[in-house]
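Everything below concerns the one structure shown next.
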Amino acid sequence: MKKISILGSTGSIGTQTLEIVREKPGEFNVTALAAGKNVDLIEAQIREFKPRVAALYDEKAAAELKVRVADTDTVVYTGMDGLLEVSTEADAQILVTGIVGMIGIQPTIAAIKAGKTIALANKETLVTAGHIIMPLAAQMGVSILPVDSEHSAIFQSLQGNKHEQVEKILLTASGGPFRGKKREELENVDLAAVLNHPNWVMGKKVTIDSASLCNKGLEVMEAAWLFDVDLDMIQVLIHPQSILHSAVQYTDGAVMGQLGTPDMKLPIQYALTYPDREYLGGKRVDLFELQALTFEKPDTDTFRGLALAYRAARTGGSLPTVFNAANEMAVKLLLGGQIRFLQIPDIIEEAMDKHSVVAAPDVETILAAEAEVYRVITEKYGL
């Protein structure tokens, strides 16, 4: 029986991970759960899965949870200390990092130092601290197994082949709800339209990032670290059917990819059961029904977030942190009705232009850069 802990247990990745656990009785044991502040859902999870440790980042919510689950054997923690307790829980073999944002950096580092296998869904960890995370994982002999559908597809397509045989990474993107639209058509789109993703059911942050292509920019940076490839070897393809989840082109011209329906449970389960494949229910790809798979070049003039991400990645150092933090704040402003959709890349670009890059930032410097971006944008927009 594999023992797992989950950061972000009440979010999309966390709840789907628990669905897989539920569907495979006796195969997994959940030893620790952490979330932000959703007391009701994590209480239900504690009562069902009986973890030894649980945490809510929000102090008030954690205090309420302690009272609610006082009749159980689960010990409740709060804040960053709580996330660290969950990520290093003694019995857990695998940590699923389904938490959103740079808050995942320190728990991931702690888990690696504790020898845990990382099922990585927190892309910000590698985007901002890949130069720390990947060497540390190698030093500790820890596997980092990607959970993002695209990175899982690349990982699966690499199996049985040598790194030096890779010629190109083909990173696919659905194009989001505004594929094919030009800037003038997006001037006055409302939040409901931004959140209306045609293929995937995801949290609001990732859905907005998908619409702006900022998410694909983050995934480009993540892929460069995960698979140790140059940026010029990563090609983004707009693939509206979301069936080819990504592919690898090899030096002999062969292209190997992973196809499947748009369902996050497959990459989650593959990370949990790797190197084995196990039965997973659900809809199968019907190629007769599909008839065609299409691919387009991304429009980086309309969706400038992707171009800005490449700029941040090429510069490196602390600039990817600035890209990520400014995007997080822009998404928050959009959700609050304070900016329009097309202002997202403007906010990111302004933050990047003002930043003095630190070439090889440590964790403290990374977090300080994030805090500074938060401060400047908060003051400007009166948050």
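The values are calculated or read from the model by the stated rules, or taken from the named source; none is laboratory data. Owing to the predicted nature of the structure, the values given are computational and were not obtained by experimental measurement. Neighbour counts run over all protein chains shown; Cβ positions are idealised from the backbone, glycine included.
Please work out if Ser242 is part of a loop (DSSP other than H, G, I, E, B), within 19 Å of the chain's Cα centre (by Cα) and closer than 22 Å to Pro298 by Cβ.
Against the criterion (part of a loop (DSSP other than H, G, I, E, B), within 19 Å of the chain's Cα centre (by Cα) and closer than 22 Å to Pro298 by Cβ), Ser242 qualifies.
Identify, please: which residue in the range 28-66 is among the acidic types (Asp, Glu), part of a helix (DSSP H, G or I) and out of contact with any strand residue (DSSP E or B) (no Cβ under 6 Å at 6 or more places or on another chain) and is, among those, farthest from Gly79 (Cα to Cα)?
So, considering only residues that are among the acidic types (Asp, Glu), part of a helix (DSSP H, G or I) and out of contact with any strand residue (DSSP E or B) (no Cβ under 6 Å at 6 or more places or on another chain), the one farthest from Gly79 (Cα to Cα) is Glu48.
For the list (1) over 19 Å from the mean Cα position of the chain (by Cα); (2) at pLDDT below 95; (3) of a type in the set (Phe, Trp, Tyr), I need the number of the one condition that Tyr250 fails.
Unmet condition: (2).
Tally up the residues in the range 265-279 that are over 13 Å from Gln156 (Cα atoms), touching a residue at least 40 places away in the same chain (Cβ under 8 Å) and in a loop (DSSP other than H, G, I, E, B), please.
1
Answer with yes or no whether Ala153 is buried (at least 17 other Cβ atoms within 10 Å of the Cβ) and within 23 Å of Thr15 (Cβ to Cβ).
For Ala153, the condition - buried (at least 17 other Cβ atoms within 10 Å of the Cβ) and within 23 Å of Thr15 (Cβ to Cβ) - is met.
Which count do you get for residues in the range 351-370 that are part of a helix (DSSP H, G or I) and either in contact (Cβ under 8 Å) with a residue 24 or more places away in the chain or aromatic (Phe, Trp, Tyr) (or both)?
8
Tell me which of these Leu218 doesn't satisfy, since it passes every other one: (1) outside any helix (DSSP H, G or I); (2) touching a helix residue (DSSP H, G or I) at 6+ places or on another chain (Cβ under 9 Å).
Condition not satisfied by Leu218: (1).
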